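Enquirer: Before we start, here is the structure in question, set down as structure tokens.
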Amino acid sequence: MGKPHGIDGSFFVDGGSASPERFAQGATLLVDGAAAEIVGSKRAAGGRFVIKLDRDAPRGATLAVRREELPDPGEDTYYVFQLVGLAVEEDGGRPLGVVAEVENLPANDVLVLDSGRLLPLVDACVLDVDLAAGRVLVARGFADDG
């Protein structure tokens, strides 16, 4: 949630969406996990959305949508929540840990494992992501100790 806009409770939306209808009047967002309806929506200068909700929302609140409303991310693309909690193993079967978070860095995203290992989220390292099996398979050499 961004800075206020005017005095009626409207505010700028920080960060956008590939789906402009996400911020249309009548759409529902989660504000810190609780549902809220958008009762006013417009684009301000610079293309950012200014929205007003049907209830007060604290400044800095997290805006989100229900997971089932998210678009399919596409082939070989994943949402962070899909990766967190997956077991990571090296090609050959050596367990490396569990994905604790995904850091977004300038060069590429990085898998942060509960074991303290950091693995680049690039094709050369990540050989397979199997959501059904709850596993990420990585190439040898990226998780060498030392």
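Enquirer: Ordered by residue, what ³J(HN,Hα) values in Hz, to whole numbers, does the range 86-103 give under the Karplus form 6.51 cos²θ - 1.76 cosθ + 1.60, where θ = phi - 60° and Gly and Pro are x?
Expert: 6, 6, 10, 9, 7, 4, x, x, 6, x, 10, x, 10, 5, 8, 6, 10, 9
Enquirer: Still on this structure: Run the quick spin-label model on Glu69 and Ala139: label points 7 Å from Cα toward the beta carbon, then report their separation in nm to one decimal.
Expert: Result for the modelled spin labels: 4.0 nm.
Enquirer: Under a 5 Å amide H to amide H cut-off, with H placed in plane at 1.01 Å, what residues pair with Val98 once short-range neighbours are removed?
Expert: Val88, Asp114, Ser115
Enquirer: Largest first and in whole Å, what are the equivalent-ellipsoid semi-axes of the range 68-112 based on the Cα gyration tensor, each being the root of 5 times an eigenvalue? Intermediate results must be reported in sequence, preceding the final value.
Expert: On the way: eigenvalues 90, 39, 23 Å².
Ellipsoid semi-axes (Å, largest first): 21, 14, 11.
Enquirer: Would you calculate the separation in nanometres between label points at Thr77 and Ala107, each defined as 7 Å from the Cα along the Cα-to-beta-carbon direction?
Expert: Taking the simple label geometry, Thr77 and Ala107 are separated by 2.4 nm.
Computed from the coordinates by the stated procedures, all read-outs in this text should not be read as laboratory data. Bear in mind the structure is a predicted one, so any value in this text is a computation, not a measurement. Quick reminder, even Gly has a Cβ in these numbers, built from the backbone with ideal geometry, and neighbours come from all protein chains shown.
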